[in-house]
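Below: the structure, in structure tokens.
The values are calculated or read from the model by the stated rules, or taken from the named source; none is laboratory data. Here the structure is a predicted model, which means the values were calculated and not measured. Ideal geometry is used to build each Cβ from the backbone, glycine not excepted, and the neighbour counts take in all protein chains shown. In case anyone asks, the SASA skips ligands and DNA or RNA and just uses the protein heavy atoms, side chains included. Shrake-Rupley method; radii C 1.70, N 1.55, O 1.52, S 1.80 Å.
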Amino acid sequence: MHLSFADCHAGCLCRHGAVVLLLAVLFVMPLALRAGGATFYTLNTANGLSANSVLQMVQLPDGRIAVYTGHAVDVYDGQRFTSAAVGDTGWLELPAYTGHTHLYIDDHDNLWVKEHRRMACVDLRRMRQRPLEAVGLWRGVADFYVDSRRRAWLVRGDSVLSAGGGHALIMPREAGRLQDIEALGGRICAFFDTGQLALYGEDGKVDYKGSPFAGDTWRVYSRTSLVAASGDSLLYQVRMGRSGSVLLAFSLVRKAWRTLLRTPYSLHTLTVTASGALYATCPQGYLRIDPVTGKAHSHPQLRLPDGTMLSAGINTVCLDREGGLWLGTYDQGLLYTSPLSGLFDTQPIDIRVSPILASVYLNGEALQTGREYGGRVLMDVTPPYIERMTLAHDQNSIAFRFSTMNYVRPRSTCYRYRFSATGGEWHTVTADTDGSPVDDRGSLYLPFVGLQPGDYVLEVMASTNPEAWGGADVRRVEFMILPPWWATPWAYAAYAVLAALLLWLAFALYGRHVRRKASLRTREEELMQRVKTLTERLNAYEGDGRVVLGETTGDGGRGQQLSPVEAEFVSRVTALVRQNMANQGYTVEQLARDLCMERTGLYRKLTALLDKSPVAFMRSIRLQRAAEMLASGGRSVAEVAEATGFGSPGYFSKCFQAEYGCRPSDYLLAENGRKG
């Protein structure tokens, strides 16, 4: 039975009981001794790989491993795979490239997949394929390369142009077809199918051109080229052709070639360890090649953790910077081994690991790239590329999960972190720390709940030595929690404007109140004066029996007293009107009949004596009586209007105000206030 990589974690890293340890010593060790070589762990579709056929792989700058399976690009972060499908559309034709699968990583975090005469691109920041057909930059491009400095190069005709501009290389005449570009020691190295190597300076001019082949020997190995650099002065190249492969070495210092190895079969991929050892893959497995002697050690079978041997076709090889060896197979997925993977090795390890932001959680839910939360996209890139986030005020419970590429012994991983909201002090944690946020798989989980609005900074470092943090990579994540809309600067500005408006309104209302109060006081004074005058006139009427008609006294406005006959006539008219005060139907015609007069005669006589028509005289008598009744109190305005023969309180009020200059209600109020 084959064990998966996760299964091996549990089997190799947990604390075994005495029985398990004894069985391991009795069973596994003899197998290890008989088999010899390294122990390989498997990562396949059972672990989340999109397919078990691995065509090519490469390590990303942050330590993750990118794998191309032919239909997808899978990126492994030490905990899980994240996949981006590579469809049949969106590819760009590369008429000059006749090799096999090759992967490049440029300085914009794009993964380029080159296959026979075509190329595709996957945006690693968003884990999705980028369509290349509609991009004008690629028109006329015959081939494409990315050097070790992550600079992209476009081949157009006889020129090679850097995609970012600034460099242009002119191909030497009769050099042949370009097969590879590499940057080494301040030089740009161009490899051609004729075996020629051209070295370019910073000015883009050729300052060296040479070949390891004599005569037409290059034709045997002209099909494809693979290049790997060791340090700043040594290049290794695998050239393949119809009769097999050749491994070459070139010294940049001595400008000299050396042939290390010739094989009758194809060498698929080539990689160099930090110590200078060479690894290559072939149909029979993988080779470890001594760079000095060129001697190759073949490994056609691989041992699994359960002791079984796997005879798998190896398609590609990759060395990570932690010293681990990755093998891609035709149908078994990924195989991994490390010099630190001894089953009973308990010695401390000291390898370089970097913290990788694997996941971000909001209110307990893992955030998805490009998805809207609360009407906004919180992550427009995948977690490993997040540098800053902006959250709403109710998105204030957030958690981060970090991992490293310490595969075989994850419990040896320790972390340091500091959070600006807790004083900015560094905290060191491991899987053995009480209540530790580090689990047995070496994953760090940091939750932050109920954060207040503001700016926050989280910094994380990882190491396998808790005493050595110098030079460790620091993963920094900044995020801001926005205040609620009612607590934003714009809201406070609106509050200030509203407060100013309210203050202005309060002052305006207060001023209006003061003016109205003053106006009412003036009006009351005028009303009191009118009431006083009206009262005096009523008293005068009661005292000497003269008729008070508005501003007219008994002289009728003629400047002299009425004669006894005239006064007696006016008194009779007044008495009749008062007797019929409550009768709304008592008209001028009825008054004239009661006086045994014609209406026209009554009109002429009253007009001559009082300068008033009979209708106006009758209304004045009624209003005069109404004023007496209001002054005496005990009745409402409506009752007085009915008692004095007015059809409605409204008409009565209108006539009263026209006669005396104030409304009956105001007169009643003023009279009551005067008496009080």
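Starting from the residue with the highest accessible area, list ARG352, ARG625, ARG173, ARG139 in decreasing order, probe 1.4 Å.
On the way: ARG352 130, ARG625 90, ARG173 215, ARG139 175 Å².
Greatest to least solvent exposure: ARG173, ARG139, ARG352, ARG625.
Between the residues ALA499, MET629, GLY442, the greatest Cα displacement towards the positive end of the dipole of the chain, with unit charges on the Cβ of Lys, Arg, Asp and Glu, is found for MET629. Measuring only protein heavy atoms, the 1.4 Å probe finds ASP350 accessible over about 110 Å². Treating r as the C-beta distance of ASP331 and TRP486 and R0 as 56 Å, the FRET efficiency rounds to 0.35.
Entry comment: accessible area of segment 250-327 is 41 Å² per residue, from protein heavy atoms only and a probe of 1.4 Å. With the convex hull of the Cα atoms taken as the outline of segment 253-305, the averaged projected area works out to 5.0 nm².
Quick note on segment 118-172: its Rg to Rh ratio, both from C-alpha atoms and Rh being the Kirkwood radius, is 0.99.
Taking the square root of 5 times each eigenvalue of the Cα gyration tensor, what semi-axes in Å does the equivalent ellipsoid of segment 354-492 have, largest first? Spell out each step's value before the answer.
Numbers: eigenvalues 171, 52, 32 Å².
In descending order, the three semi-axes are 29, 16, 13 Å.
Shown here for segment 226-306: chymotrypsin sites (Phe, Trp or Tyr not before Pro) in loop regions (DSSP other than H, G, I, E, B) with at most 15 other Cβ atoms within 10 Å, namely TYR265.
For the chain, relative contact order (Cα pairs under 8 Å, six or more residues apart, normalised by length) works out to 8 percent. Taking every DSSP beta bridge that has both ends in the chain, the antiparallel portion is near 95%.
If the segment from ALA493 to GLN452 were pulled out straight at 0.36 nm per residue, it would be longer than the present Cα-Cα gap by 12.6 nm.
Extending 7 Å from the Cα toward the beta-carbon at both CYS596 and ILE170 defines two label points whose distance is 14.7 nm.
For segment 36-100, the convex hull drawn through the C-alpha positions has a volume of 148 cubic angstrom per residue. For HIS268, the solvent-accessible surface computed with a 1.4 Å probe is close to 50 Å², ligands and nucleic acids excluded.
The VAL381 and THR428 beta-carbon pair, evaluated with R₀ = 45 Å, returns a calculated FRET efficiency of approximately 0.95. A 1.4 Å probe run over segment 112-190, with the rest of the protein chains in place, finds 45 Å² accessible per residue. For segment 277-336, report the translational diffusion coefficient in µm²/s to the nearest whole number, using Stokes-Einstein at 25 °C, 0.890 mPa s, and a Kirkwood Rh over Cα pairs. Using the Kirkwood radius from Cα pairs, D works out to 204 µm²/s. At the residue level, VAL253 shows approximately 110 square angstrom of accessible surface with a 1.4 angstrom probe and all protein chains present. Peptides 514-522, 299-307, 354-362 ranked from most to least packed give 354-362, 299-307, 514-522, packing being the mean of other C-beta atoms within 10 angstrom over each peptide's residues. The alpha-carbon atoms of segment 260-417, seen along their principal axes, cover 65, 36, 32 angstrom, with the largest extent given first. Label sites at THR98 and VAL474, each approximated as a point 7 angstrom past Cα along Cα to Cβ, lie 5.3 nm apart.
Excluding ligands, DNA and RNA, the accessible surface per residue across segment 575-653 is 48 Å² with a 1.4 Å probe. Label sites at ASP203 and THR308, each approximated as a point 7 angstrom past Cα along Cα to Cβ, lie 6.4 nm apart. Note on SER298/ASN363: beta-carbon distance plugged into 1/(1 + (r/R0)^6) with R0 of 41 Å gives a FRET efficiency of 0.15. Kirkwood hydrodynamic radius of segment 156-227, from the reciprocal of the average inverse Cα-Cα distance over all distinct pairs: 12.7 Å. Carbon-plus-sulfur accessible fraction, the chain (probe radius 1.4 Å, protein heavy atoms only): 53%. Of the residues GLY470, THR89, LEU335, the one whose Cα sits farthest toward the positive end of the charge dipole of the chain, with +1 on the Cβ of Lys and Arg and -1 on the Cβ of Asp and Glu, is THR89. Here's the picture: charge each Lys and Arg Cβ at +1 and each Asp and Glu Cβ at -1 in the chain, and of GLY201, PHE400, SER162 the one pushed furthest to the positive end of that dipole is SER162.
Computed extension length for TYR265-ASP216: 15.6 nm, one decimal, from 0.36 nm per residue of separation with the Cα-Cα distance subtracted. The Rg/Rh ratio of segment 414-524, with Rg taken over Cα atoms and Rh as the Kirkwood radius over Cα pairs, comes to 1.51. Remark: the chain carries a charge dipole of roughly 1020 debye about the Cα centre, counting +1 on each Lys and Arg Cβ and -1 on each Asp and Glu Cβ.
For segment 185-318, the alpha carbon convex hull comes to 115 Å³ per residue, rounded to a whole number.
Note: relative contact order over segment 224-383, using C-alpha pairs below 8 Å and six or more positions apart, is 10 percent. The calculated P(r) of segment 555-629, using every Cα pair and 5 Å bins from 0, goes 3, 16, 27, 27, 17, 8, 2 in percent.
With an 8 Å Cα cut-off and a minimum separation of 6 or more residues, compute the relative contact order for segment 407-447 in percent. If you can, show how the numbers build up before the last one.
Numbers: 53 pairs, mean separation 15.1, N = 41.
Reported relative contact order: 37 percent.
Once the mean 1/r over all distinct Cα pairs of the chain is inverted, what Kirkwood radius in angstroms do you read off? Final number for the Kirkwood radius of the chain is 34.2 Å.
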